[in-house]
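Worksheet for the structure shown next.
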Amino acid sequence: MPHRPWLRPCLLGGNLAAAASVLATGLQEPWLIGLATLVHTGFAQAVMRPQCDWFGPVVTHFATTAREVWLTIDDGPAGEDSIRLGRALAERGVRATFFVIGENLARHPGVAAHWRADGHTLANHTRTHPAPLFPWLSRARLQAEIDGCAEVLRAVGAGEGSWFRAPVGLKPPGLHPALAARGLRLIAWNVRGCDGLGAAPDAVVRRVQKAAKPGSIILLHEGRARSVETILRAVDALREDGFQFTIPTERALR
């Protein structure tokens, strides 16, 4: 869907104006309360739904004529498990993008060299992953989260990259301007394994298999008790279904 730059200021202004109007009338106008609720619901969707592009462009898939997908893995690195995972993927001919938390990468800087040697790429997933608070961060704190991860990426020799993934896909109103100023694109997904703490690998694999199609961006996570097993099982299942894995070009991102 083409980006609509006018929509963001309309959502921001409308949300503030609706709230102010309701308060100014002392909650005495039901129609105005209903309108304010509708406007705020749209604003909340723009923040909370990872694929929603009302605040600005969001990449959710990529263009391809082949039966291929993009594997993206969030929240690492997790030390030796990350090295083992990266090597196991490479042995299968699979390249992935690891969206790293800056603090985790600072704790395990050597992982970056192993990943890069195995053909994988690294991208920005904030410095501390402040998921519950991310939509409410101040402008300065939001920028510090982005820049802090970029600084660690540079320090380990991975460059700054051009991709950013928000914690849990949340998008505060100030996110797109901050990303645009840094030349970063917001990467979401259209296949999610729901592989949180305690998730059964079988269930994760079924969800991924059911949703995957050519051009899908697949989201899985590191740092869980069975992350390596789960990711490799999902990869093997997709390979059996005839999928190949790629890291798409900038021009292919949609």
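Note on the chain: GNM, Cα springs under 10 Å; of ALA63, ALA24, ALA90, the largest mean-square fluctuation is that of ALA24. Just checking the listed ones, THR128, THR65, THR41: in the Gaussian network model of the chain with Cα springs under 10 Å, the one fluctuating most is THR65. Among beta bridges from DSSP that stay inside the chain, the antiparallel ones total about 10%. A dipole drawn for segment 113-254 from +1 and -1 charges on Cβ atoms has a positive end, and of ALA199, GLY215, LEU122 the residue lying farthest that way is GLY215. Close amide-amide hydrogen proximity is noted between LEU122 and PHE98, each under 5 Å apart and 5 or more residues distant or on a separate chain (H modeled in the peptide plane; Pro and chain starts excluded). The helix-based estimate of mean residue ellipticity at 222 nm for the chain, built from -39,500 (n - 2.57) per DSSP H run of four or more residues and divided by its residue count, is -14000 deg cm²/dmol to the nearest 500.
Annotation: extensible slack from LEU35 through ARG107 equals 21.1 nm (criterion: 0.36 nm per residue apart, minus Cα-Cα distance).
Of the trypsin sites (Lys or Arg not before Pro) found in segment 1-92, those in coil by DSSP whose Cβ has at most 16 other Cβ atoms within 10 Å are ARG67, ARG92.
How far is helix 201-211 tilted off the main Cα axis of the chain, in degrees rounded to 10, range 0 to 90? So the helix axis and the longest Cα principal axis differ by about 70 degrees. Taking Cα centre as origin and charging only the Cβ of basic (Lys, Arg, +1) and acidic (Asp, Glu, -1) residues, the dipole magnitude of the chain rounds to 400 debye.
The stretch between GLU151 and THR25 holds 40.5 nm of extra length on full extension. This uses 0.36 nm per residue minus the Cα-Cα distance.
Here each label is just a point 7 Å from Cα along the line to Cβ, and for ALA63 and GLN51 those points are 1.9 nm apart. Within the listed set PRO177, PRO135, PRO50, the residue fluctuating most in the Gaussian network model of the chain (springs between alpha-carbon atoms under 10 angstrom) is PRO177.
Read the figures in this text as sums done on the coordinates, not as results from a lab. Given the structure is predicted, the values throughout are model-derived calculations rather than measurements. FYI the Cβ positions are ideal-geometry reconstructions off the backbone, even for glycines, and counts take in every protein chain you see.
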